[in-house]
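Reviewing the structure listed below.
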Amino acid sequence: MTFGNNRCPEEFPAMSEKADKHGWRTANSKQVYQNSWISVREDQVIYPNGQPGIYGVVEKGPGVAIIALDNEKNIYLVKQYRYTLDDVFWELPAGAIHPGETETQSAQRELFEEIGLRPGRFDRLGNFYTALGHETAEIIAYLAQDLDTKGHSLDNQQHDESILEIIRLPIGQVKQMIGRGEIKCGISLAALSLLFVKYPEL
């Protein structure tokens, strides 16, 4: 599935075509929107079938998703209100990597801000892209263990977060929630899939 819209050739200005990319050619590119978090780009392209069209790309920086696993094999989830969909969702702690941060520094910060935990150990589970048909954002998933729970609280969340509740559930119950469709966050589902594939004994 693509997110481009066909146009007639006469709708394009004069083009200086860029490098061929598996049959795709970029004739022109312009930024149509930008804020502190995202930039939206509109490209004039030639599709592999030779037809011209436009393609919208949301440029967004990388982020991290963290699976906090305690010694009793419980996973922490947050219930968060999402303005985009005007609904609440169960999710893993996650967020954007800030400029100047390493992946692990970002994961440590997000974990403390969202649920007040400090991990003794991080393991990188893998990476994935959230919406590769139209968005550049890459997510790196981490497993956090040896948790220091002294600061466990909602009090550290930032102004742009709406975390309503934190729960700590056995892995089996988390899997049941997935099976019942109660975890709908794609980032959380992908990160948990990496965990279960890498550690099938869990």
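Bear in mind that the values in this text are calculations on the coordinates, not laboratory data. Since we're looking at a predicted model, the values are computed, not measured.
Some points to look at:
- Rounded to 5, percent antiparallel among DSSP beta bridges of region 63-198: 80
- Pairs of lysines in the chain (C-alpha under 20 Å apart; 8 or more residues apart or interchain): 10
- Translational D in µm²/s for the chain (Stokes-Einstein at 4 °C, 1.567 mPa s, Kirkwood Rh from C-alpha pairs): 68
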